[in-house]
Structure formats: structure tokens, C-alpha cells
Amino acid sequence: MKGHEAAPVSPPMTSLLGTFFRLAAWSPGMAAILRPIARLAVPLVSTAVRDATRKNSTRVFGRRLSRTEHRAYAREVVNSFYNFVVDVAGASNRSPEQLRSLVAHVDGLEAFRANRGAGRGAILVTAHFGSFECGLAALAREERRISVVFRRDADPAFEASRARLHRALGIVEAPIDDGLDTWLSLRDALLHNEVVVMQGDRAAPGQRTQTVPFLFGQLRLPTGPVRLARLTGSPIIPVFTVRQPDGRHRVLLLPAIEPDTPPTDAGDRAPSASLRAIANSIASVVSRYPHQWLVLEPVFVEDLDDGRG
């Protein structure tokens, strides 16, 4: 699911990403024609992408892939990223109904509706998967008001596409860059039984994190969703959008996670039960759809180069 912030990429890929956005907005047909070329070329020309997908795949699958397996994995991850780029650019030119028509099914909708009937608001935690534009359109049919937490992107093409999409869907933007003001607005939204969408699989610079076991490694996950749930008493509901073989999308609404009690020991650095549950929900989807997890940089703690891994 996207519509929040772009998946982290290296500087050369960031420039290429902006080029893809402009191309997709200008000529979706041309972007579609170039997809097979990008899928094959990017892993060949980018040492960074090859290295990142090698490291990440080892933590995802629990073993080092063969050369042939890794080549196929890298191509499919790049293909998913390219699809994401085209989706964001194209979504801003589609109506909400057109976006909803691209959603084949919403899993867990009845349980979601029952949970929302309690009137406690809901924190929807997502990850870097698929086309969140379609997921947002499906949720906008269920909810009168949705706030999406995001960090403003440095690429103007991406930022313009996202802003147009949010306006079309009636989404309330909650830029994390605005600090305390955004946090207070999210608290108030939840206390008024509204929905807040937050990123769960990676933290933006400056966000508080905790290291959590994740598949065959460890990830640093943002603690914001858990802290906000404790503050408001709102449940955390994991939600993901994945792409089907026919090109349509499936929205996955997983079982709700109740806010836990903060540790009495201020020095306790162990991840909370709620954060571990978020990690497990994301890991379950990564295990089912490993090629659709939009990661083109090393993301596991063991493979980071900042001296803390």
C-alpha cells in the first residue's frame, strides 16, 4: 500500500524514480512499454540494487539464494517497484470509482466493520506494498474521514501526484514533518472515531524506533502507532494492498491489535507486545508476497552500515 511515502532508494534510483513518474504521467502507454526493459536493466546496471536484494532476500527466505534465484528475485522486486511508480502517476488521473474498480476483493471487511462499530477510531498500519491508491479508494467508501501520515517527498513529481490523489479522495494529509501539530491532530481524529493510516515497516528520519524480530533477521520499526494507540485506546488494524496476477488488487484487513500497557520500567528496551504483533502481521504478508515488498535498499538491522547493526 502506498499513498504515504515513497520506498527508500539510493540517490541514483531516486533520480530514476522521478524520471519514471514524469514519463508515466505524460504517457502511461510508453511507461508500460518500458516496464520489461526496466525490469531487466535495473538489476544489471545497479550494483546497489543487486547488493540490497541479495541481503534482503537472505533475511526473508532464511538462506542465500542461488545466482539464478537471486536474479529472478531482483527482477521481480524491480518490476513491483516500477508498477508502484506507474500506479501513483496514473492514480492521480483516475476518479475514486475508477480506482475502486481495480480492487478485486477486500479481505476481512466484516470484521473491520464490526471493530469500527465500537466507536474507538482505528489506526491502520500498512507497509510498502502494492498500490495503496486503490486501497485508499476502497477505504474511503467505508470511512467519512481518513488521515494519512506521510513525510513530504523531495521529488516534486511524486509529491504533486500524491497531493492530487489525496484531494480527489478527500483524504486529510498529516505530514510528519510538522511535528507536534500533526501528532495532536491525529489524537483528536481518533478520539472523534476517525481513521488514521500510518506506515509500519520503516521509520522516517528522527522517528522513535525499536528493533523487532522479523522473519530471519531484525527490523527497526516505528513506535508511533503503538504510542498513539495507548494514548487514545484505539485498536491497530494492519492493512495491505497486494497485486494479483491479473493486475487487479486485493486489500487485506488483518485482525485488530489492541493497545498494550507501557512497561513500568522506563529503561525496558524490549519491544512491546503490540509492536511485535505489528511486525508479525507485516512478516506474514512479506512471506506470502516477498517480491511485492518494495525494498531496494538493505533494511534489516544485521545488514545496515550505520554502526548499530
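Side notes on the structure shown:
- Pairs with Cβ under 9 Å, 6+ apart, first in region 47-58 and on the phi > 0 side of the Ramachandran plot, second assigned to a helix (DSSP H, G or I) and open to solvent by 10 Å² or more (accessible area, probe 1.4 Å): none
- Residues in region 81-102 that are of a type in the set (Gly, Ala, Ser) and either more than 13 Å from HIS249 (Cα to Cα) or part of a strand (DSSP E or B) (or both) were compared, and the one that is most open to solvent (accessible area, probe 1.4 Å) is SER95.
- Positions within region 63-79 being in contact with a Phe, Trp or Tyr (Cβ under 8 Å, 6 or more places away or on another chain) and either within 18 Å of PRO36 (Cα to Cα) or in a helix (DSSP H, G or I) (or both), in sequence order: VAL77
- Where strands (runs of 3 or more DSSP E) fall entirely within region 192-231, those with at least 2 residues that are within 19 Å of GLY179 (Cβ to Cβ) are at 195-199.
- Count of region 103-154 residues which are over 16 Å from the mean Cα position of the chain (by Cα) and assigned to a loop (DSSP other than H, G, I, E, B): 10
- The set of residues from region 213-231 being over 16 Å from PRO298 (Cα atoms) and crowded, with 18+ Cβ neighbours inside 10 Å comprises PRO222, THR223, GLY224, PRO225, VAL226, LEU228, ALA229.
- Condition met for PRO271 (open to solvent by less than 50 Å² (accessible area, probe 1.4 Å), in contact with a Ser or Thr (Cβ under 9 Å, 6 or more places away or on another chain) and part of a loop (DSSP other than H, G, I, E, B)): yes
- Long-range neighbours under 7 Å by Cβ, at least six apart or interchain, first residue closer than 22 Å to GLU110 by Cβ within region 227-244, second in a strand (DSSP E or B) and open to solvent by 10 Å² or more (accessible area, probe 1.4 Å): PRO235/ILE257; ILE236/ILE257; ILE237/LEU253; VAL239/LEU253; VAL242/ARG250; GLN244/ALA104; GLN244/ARG250
- Residue under evaluation PRO175, criteria (1) more than 18 Å from the chain's Cα centre (by Cα); (2) open to solvent by 10 Å² or more (accessible area, probe 1.4 Å), criterion not met: (1)
- Summed over region 50-99, the residues that are of a type in the set (Phe, Trp, Tyr) and within 18 Å of PRO298 (Cα to Cα) give a count of 3.
- When restricted to residues that are open to solvent by less than 20 Å² (accessible area, probe 1.4 Å), over 17 Å from MET198 (Cβ atoms) and either at pLDDT 70 or above or of a type in the set (S, T, N, Q) (or both), region 140-167 contains 2.
- Pair list, Cβ under 9 Å, 6 or more apart: region 246-269 residue of a type in the set (A, V, I, L, M, F, W, C), other residue at pLDDT 95 or above and part of a loop (DSSP other than H, G, I, E, B): VAL251/GLY108; LEU252/GLY108; LEU253/GLY108; LEU254/GLY108; ALA256/PRO235; ILE257/PRO235
The values are calculated or read from the model by the stated rules, or taken from the named source; none is laboratory data. The structure presented is a predicted model; accordingly, all values stated were derived computationally and were not measured. Cβ: placed from backbone, ideal geometry, glycine included. Neighbour counts: every protein chain shown. Side chains included, ligands, DNA and RNA excluded: accessible areas come from the protein's heavy atoms. Shrake-Rupley method; radii C 1.70, N 1.55, O 1.52, S 1.80 Å.
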